[in-house]
Amino acid sequence: MRALASQLAPRCARAYARTGARRFAALGDHFFGADGALAAEPHHVDHFALFGVAAHFDVDGAALDAGLRQLQHRLHPDRFASAPEAQKLLADAASARVNDALAVLRDPLRRADYARSLATGDLVLDDETRQAPGALLLAVMEAREAVDDAASLEDLAAVVAANDGDVAAATAALREALGAGDLESAAERIVELNFYGKIDAEAREAADARGFGELPRRAW
């Protein structure tokens, strides 16, 4: 992920310049003003920095949990129950920001898309104009036909197993692309994985709707 990190370095430097000389010694410091009261959060603190983890495709789950505990300790709205109304509103906003960031960082696909966006300024999953290649669309169509034609849990399990193989290959390619700083290739893999996620969801919905039972847990 060194290549991506090198692309993020100028952005981080600009962000630091906007803070003046202030350094944040502990997680959540940027939510507070110099007087110790909650203040409007600056927009330049990204999700990874918020939780004190590196901007990588893979994150340390234990470190993420530890960051969450620290942030909750300082920012949970219950700690501001007797504070002025303005402070309560800021605490609610801070808590929402933490929860939103956590949801992204705990989802591998959204996390990868977000990490890429720090260098590009755009999110692939939000880009409705991006078109998937024809070969991928054909493969997705065939997988959906297999879901529609499945007559048993075993049939759907076979679809899911094949899809899991595609997920594993695309995930490895995404990790490699981000590590090499190949942001366009990373975007293509994100598109792939988004489609594979839909196939998985449709197979599980079909298993439930047809009373076949529960499919094996998703590999992603």
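The values are calculated or read from the model by the stated rules, or taken from the named source; none is laboratory data. Because the structure is a prediction, the values reported are computed rather than measured. Backbone-built Cβ (ideal geometry, glycine too); neighbour counts: all protein chains shown. These area figures cover heavy atoms from the full protein model, side chains too; ligands, DNA and RNA do not enter into them. Shrake-Rupley method; radii C 1.70, N 1.55, O 1.52, S 1.80 Å.
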Is it true that some residue in region 72-94 is under 20 Å from R175 (Cα atoms), in a helix (DSSP H, G or I) and open to solvent by less than 50 Å² (accessible area, probe 1.4 Å)? no
Taking only region 183-205 into account, find how many residues are surrounded by 18 or more Cβ atoms within 10 Å (Cβ to Cβ), farther than 19 Å from M141 by Cβ and not hydrophobic (A, V, I, L, M, F, W, C). 1
Restricting to region 116-136, give me the number of residues that are over 14 Å from L193 (Cβ atoms), open to solvent by less than 60 Å² (accessible area, probe 1.4 Å) and assigned to a helix (DSSP H, G or I). 5
If you check F212 against the conditions, is it open to solvent by less than 70 Å² (accessible area, probe 1.4 Å), aromatic (F, W, Y) and closer than 22 Å to D113 by Cα? no
The condition of being among the acidic types (D, E) and in contact (Cβ under 8 Å) with a residue 60 or more places away in the chain holds, among D58, D29, only for D58
Please work out if R175 is modelled with pLDDT of 95 or more, assigned to a helix (DSSP H, G or I), of a type outside the set (G, A, S) and in contact with a Phe, Trp or Tyr (Cβ under 7 Å, 6 or more places away or on another chain). yes
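Tally the residues that are surrounded by 15 or more Cβ atoms within 10 Å (Cβ to Cβ) and either within 21 Å of A180 (Cβ to Cβ) or charged (D, E, K, R) (or both), restricting the search to region 33-52.
Going through region 33-52 one residue at a time, the tally reaches 3.
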E188: assigned to a helix (DSSP H, G or I) and either aromatic (F, W, Y) or without any contact (Cβ under 8 Å) to a residue 12 or more places away in the chain (or both), yes or no? no
Taking region 57-100 as the region of interest, how many residues are within 29 Å of L178 (Cα to Cα) and either over 22 Å from the mean Cα position of the chain (by Cα) or small (G, A, S) (or both)? 6
Are any of the residues in region 141-151 crowded, with 16+ Cβ neighbours inside 10 Å, touching a helix residue (DSSP H, G or I) at 6+ places or on another chain (Cβ under 6 Å) and outside any helix (DSSP H, G or I)? yes
From the list A112, A103, pick out the single residue that is surrounded by fewer than 18 Cβ atoms within 10 Å (Cβ to Cβ), assigned to a helix (DSSP H, G or I) and within 19 Å of the chain's Cα centre (by Cα). A103
